[in-house]
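Heads up: the structure comes next, in structure tokens.
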Amino acid sequence: MEASLTARDRVGIQDFVLLDNYTSESAFLDNLRKRSHENLIYTYIGTLLVSVNPYKELDIYSKKQMDTYMGVNFFELPPHIYALADNVFRTMQSEYNNHFILISGESGAGKTEASKKILQFYAVSCPSTKLLNNVRDRLLLSNPVLEAFGNAKTLKNDNSSRFGKYMDIQFDHQGGAVGGHILSYLLEKSRVVHQNHGERNFHIFYQLVEGGEEDLLRWLGLERNCQHYRYLVQGDCAKVSSINDKSDWKMVRKALSVIEFSESDIENLFAIIASVLHLGNVKFEADVRGYASLNNNQEMHWLLGIPTQVLQQGLTHRKIEAKTEEVLSPFSVDHAVYARDALAKAIYGRTFNWLVNKINESLANKDSSRKTVIGLLDIYGFEVFNVNSFEQFCINYCNEKLQQLFIQLTLKSEQEEYEMEGIEWEPVPYFNNKIICDLVEEKHRGIIALLDEECLRPGEATDLTLLEKMEEEIGGHPHFVTHKLADKKTRKTLERGDFRLLHYAGEVTYCVVGFLDKNNDLLYRNGKEVISFNFYCKKQVVTQFKSSLVGLTEILMSKEPWYVRCIKPNEAKQPGRFDDVLVRHQVKYLGLMEHLRVRRAGFAYRRKYDIFLQRYKPLCPDTWPNWRGTAAEGVQRLIKHLGYKPDEYKMGRTKIFIRHPRTLFATEDAFQICKHRLATRIQAKYKGYRVKGDYLKQREAATKIENCWRGLMARKEREKRAWASLILFLRFIKGFMTRNQPSCNDNSEYLAYVRTNYLTRLRDNLPRTVLEKDAWLTAPPILQEVADTALHNRFNLLEIKYLYLLFCFPCFQLLLKEQTSSMFKGKKENYPFSVCKLTSELTFRLRPLFLSAVTSCVCVSLPQYSVPVVKYDRNGFRPRLRQLIFTQEAAYLVEETKIKQRIDYSSLKGMSVSNLSDNFLILHVTCDDIKQKGDLVLQCDYLFEALTKLCVIANKQNYIKVVQGSVRFDIQPGREGFVDFKSGQESMVYRAKNGHLMVVSESTRTKSR
């Protein structure tokens, strides 16, 4: 539950106990509205579940959802009816005691559906055997049967329960459903004979007519047309789009078979239902004396299998006993109609009771060992209509009693929890509705006692005399008012036949008309004889109902309570619509605000130490990741770190109690921030773990593959060696023995080996000069001729090379020396020292890899000449090692394989050197664009050779200028620099204070010394 607090602004709070403004109905409704609009139809008030009817199918009742909520802590997942059902079941198993779930709400709020969902959850979650499956199927299929006989379409609900139902589900010690028992309360029998416009009779009548087989209808004397039966057309809506009577009929027939109704029982059951329909079509006519008579009525022979004469007498006469005599008194037509309808109601009511008893027989568990029980109480909610009659009075009285029980049990459970945890109990102010219950049920002075007294007293008792009696006896009660007792303002809202009760949920005005008749539920003696019931019932309806409520209260008081409060969001049954006025009214009469005040009287939030610590321990370094002490000590350390104030919490024996929701919200918000940080760390650790695991697996796999491969190669090598030892060695020996013979198969391989071995040794030991003729290797006989030819060719090559070096190369050297002399002799101090050096000794050789890289970069023919140089930056004169390469088209300044500058020979306008003994040269380049690089300042150890090569390759013999003092050069267009030259004791290069590059060269005199 705590995880949802981060989205509380959007989807509301999952537990109303955590509302800050818990006394505000507006805040309560706002939270309910937010959740309803997000299709979150369930919300908690502690352990009470509030359910809002969505009026549409939601994908939250699948088998997967059931599995999700099975065995999970109540508050761990979002609110759901499965969570409540599972918690009840697990508590029952662990504590081995009895529980009940009270499902209440007004018609159309979803009580019946909630009851079904709980039964379906237990059917899936309980242990399964063949015997248990039979019981489970009977429990589930008892619902459609009871719905068919006890539910009907009303203005508010197409499947409204018109009776109260309490079902006990019995479980054995292993948690298997082994039996059940059903109690029914206050069936609305008046619906059999009368329905308001837009309403229907009980479903079973329409299912029988629309879905019954042709043979069955013919046997029962029925037609497949609801319009032919008076009891089915008064509401003028025999067909409803949301109800499929044919498919429902099939379900009922299947259910009756599974519940083990015999064919005879089923036939008799439907015969009685058909008899009620026929009875409704019985018509009376007035004879000449004004008495009711039945003439040529075709419906009579279909009724109950009773002789026509007995039935006719029972419907048209009243039997009066006078001492020892019995007198038949004829009915008027109105009295006959009343007697007919009373008989129909009595037949249906007793049939319903028989049906419930038969289902109970099927669900009964024969094992006498102790069973634990979960009860489901699906009871009508508080009802307030425009006209409220006897039925609403009984229903609202029932709700008053349940509200009284509800508050008592809630207060009791709260007080017991506080005492068990050692927390001081603070008395809770709440509205005690005992005063209203006493007003209704008090002996001799309550409304029920006055109603019974008026029904039994001799004389002419009417509804108005009942009202007068109540005004006389309880007129001074603060929760009772009539037209006569009211003040002038209130009197305008009351009719003369009305009385008003101030219930816990608000004021309800009742119309007294019909109270006496409905309470008497009068069935004349001869009518009772018709249905074989030969004694009067001494108790009135309301007294019987009161006794039933007392029995129900005793049952509930012996069990642990759980509550589901169902709310109808609008009257139009439209999804997504939330009627504030309607919902506010239901919240009031369901007592939700009262319950919330009781739960919030002390502490808003409570959790067991281990659960609280498990969730919030990342917030404290001492408790994260593992706390070694007890859970209570860990929670104490945690809340100390969080800075809880003493008045914000209490430490119980097993739980922590937090007083204000804002304290919990702050803790949860801090946890959400911390959770993202922890998630990142956990992800990193996990990814590292996974990658390391993958690496170890790959390494292990690679090792295995390597081992296998090495083993394979070793085996192959062993095979080769074995073959060599057996075959090659023999061939070698045989070849050696026949080596002097002509080539053949026996010695060909040996001779090839001798040839290869001799040529390999000869390659490594060739003579280097023409004077080493005696160094030639002695050839084997088979290669003697070849060796002589090779010797002759080798010495011819050496002679040619010698002659070239003797005559051709010196000529080329002399030409270069002449060129150098013409340019530098007598002009540069260190020229004489270069005369003795040959060009071949000075030329720098490029590495093959470097040479190919440079060639690919410049995309020209191979370099003609290359020499290492030091290049001085134009700005700051920092030295850089470079390679100067000359090709046929241009000169390149290269750093490794990267070309730093390209100088086309056409743009080379001059070359400057000093007259001193330094080795600096400046290449002057034409610059037309400011983006182009300027002149180059270079230092080269092979200065004379490099300049001579450049002049020859670029044909620039007259471009060299030998200067004295300083040389100006262009840094870039518009900017110039200078290189100053002078002699000194020691060679050095540095940047002078005037910004020039100063080159100090060692004088030739110093060198000569």
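Name the residue, out of ILE656, ILE611, that is under 23 Å from HIS676 (Cα atoms), open to solvent by less than 80 Å² (accessible area, probe 1.4 Å), of a type in the set (A, V, I, L, M) and in contact (Cβ under 8 Å) with a residue 12 or more places away in the chain. Spell out how you get there, then give the answer.
Values: ILE656 fails: under 23 Å from HIS676 (Cα atoms).
The conditions single out ILE611.
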- prompt: Can you tell me how many residues in the range 215-226 are free of Cβ contacts under 8 Å to residues at least 24 places away in the same chain and either exposed (fewer than 11 other Cβ atoms within 10 Å of the Cβ) or not in a helix (DSSP H, G or I) (or both)?
  reply: 4
message: I'd like to know if the range 637-644 contains one or more residues that are in a helix (DSSP H, G or I), modelled with pLDDT under 90, of a type in the set (Lys, Arg) and closer than 30 Å to GLY46 by Cα.
response: yes
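A quick yes/no check of all residues on (1) under 22 Å from LYS546 (Cβ atoms); (2) of a type in the set (Gly, Ala, Ser); (3) at pLDDT 80 or above:
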site	(1), (2), (3)
ASP341	no, no, yes
TRP354	no, no, yes
ASP367	no, no, no
LEU376	no, no, yes
TYR397	yes, no, yes
GLU400	yes, no, yes
LEU409	yes, no, no
message: Any residue at all in the range 591-600 that's in contact with a Gly (Cβ under 8 Å, 6 or more places away or on another chain) and either of a type in the set (Gly, Ala, Ser) or outside any helix (DSSP H, G or I) (or both)?
response: no
- prompt: Among the residues of the range 55-70, which ones are open to solvent by less than 60 Å² (accessible area, probe 1.4 Å) and out of contact with any helix residue (DSSP H, G or I) (no Cβ under 7 Å at 6 or more places or on another chain)?
  reply: TYR55, LEU58, ILE60, SER62
message: Would you confirm whether or not the range 635-648 contains a residue that is within 30 Å of the chain's Cα centre (by Cα), more than 30 Å from GLU113 (Cα to Cα) and of a type in the set (Lys, Arg)?
response: no
message: open to solvent by 10 Å² or more (accessible area, probe 1.4 Å), at pLDDT below 85 and over 23 Å from SER160 (Cβ atoms): which single residue out of GLU442, GLU416, GLU421 fits that description?
response: GLU416
query: Assuming SER36 fulfils every condition listed in (1) open to solvent by less than 40 Å² (accessible area, probe 1.4 Å); (2) more than 16 Å from the chain's Cα centre (by Cα); (3) of a type outside the set (Phe, Trp, Tyr); (4) modelled with pLDDT under 85 apart from one, which condition is it?
result: (4)
- prompt: Say we look at the range 863-883 and pick out the residues that are among the polar types (S, T, N, Q) and in a strand (DSSP E or B); which of these is most open to solvent (accessible area, probe 1.4 Å)?
  reply: GLN883
- prompt: Looking at the range 683-692, is at least one residue more than 29 Å from the chain's Cα centre (by Cα) and either in a helix (DSSP H, G or I) or of a type in the set (A, V, I, L, M, F, W, C) (or both)?
  reply: yes
message: For the range 503-511, check the following and say yes or no: at least one residue is open to solvent by less than 20 Å² (accessible area, probe 1.4 Å) and either without any contact (Cβ under 8 Å) to a residue 12 or more places away in the chain or over 55 Å from the mean Cα position of the chain (by Cα) (or both).
response: no
- request: Give the residue that is nearest to the chain's Cα centre (by Cα), with candidates limited to residues of the range 361-408 that are assigned to a helix (DSSP H, G or I) and free of Cβ contacts under 8 Å to residues at least 12 places away in the same chain.
  value: GLN408
message: Tell me which strands (runs of 3 or more DSSP E) are completely within the range 884-993 and hold 2 or more residues being assigned by the TED database to the domain that holds ASN830, open to solvent by 10 Å² or more (accessible area, probe 1.4 Å) and more than 25 Å from MET823 (Cβ to Cβ), or say none if there are none.
response: 898-904, 966-972, 975-984, 988-991
task: Could you give me the residue pairs with C-beta distances under 9 Å whose first residue belongs to the range 691-709 and is open to solvent by 100 Å² or more (accessible area, probe 1.4 Å), whose second residue is of a type outside the set (Lys, Arg) wherever it lies, and which are 6+ apart or on separate chains?
output: none
field: Search result, residues across the range 1-13 that are surrounded by 21 or more Cβ atoms within 10 Å (Cβ to Cβ) and either closer than 14 Å to ARG599 by Cβ or at pLDDT below 80 (or both)
entry: GLU2, ILE13
- prompt: Out of TYR206, TYR229, which single residue is farther than 20 Å from ARG253 by Cα, of a type in the set (Ser, Thr, Tyr) and touching a residue at least 24 places away in the same chain (Cβ under 8 Å)?
  reply: TYR229
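Listed here are the residues, each with its yes/no results for (1) open to solvent by less than 10 Å² (accessible area, probe 1.4 Å); (2) in a helix (DSSP H, G or I); (3) under 25 Å from TYR397 (Cα atoms).
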position: GLN174; (1), (2), (3): no, no, no
position: VAL178; (1), (2), (3): no, no, no
position: ILE182; (1), (2), (3): yes, no, yes
position: LEU187; (1), (2), (3): no, no, yes
position: SER190; (1), (2), (3): no, yes, yes
position: GLN195; (1), (2), (3): yes, no, yes
position: ARG200; (1), (2), (3): yes, no, no
position: ILE204; (1), (2), (3): yes, yes, no
position: VAL209; (1), (2), (3): yes, yes, no
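Would you call VAL327 at pLDDT below 75, on the phi < 0 side of the Ramachandran plot and outside any helix (DSSP H, G or I)? Outline the logic, then answer.
Values: at pLDDT below 75: yes; on the phi < 0 side of the Ramachandran plot: yes; outside any helix (DSSP H, G or I): yes.
Against the criterion (at pLDDT below 75, on the phi < 0 side of the Ramachandran plot and outside any helix (DSSP H, G or I)), VAL327 qualifies.
Take VAL240 and decide whether it is of a type in the set (A, V, I, L, M, F, W, C) and at pLDDT below 90.
Details: of a type in the set (A, V, I, L, M, F, W, C): yes; at pLDDT below 90: yes.
In short, yes.
The values are calculated or read from the model by the stated rules, or taken from the named source; none is laboratory data. What you see is a predicted model, and the numbers here were worked out from it, not measured in a lab. For neighbour counting, all protein chains shown are included, and Cβ atoms are generated from backbone atoms with ideal geometry for every residue, glycine included. Ligands, DNA and RNA are excluded from the accessible area calculation, which covers all protein heavy atoms including side chains. Shrake-Rupley method; radii C 1.70, N 1.55, O 1.52, S 1.80 Å.
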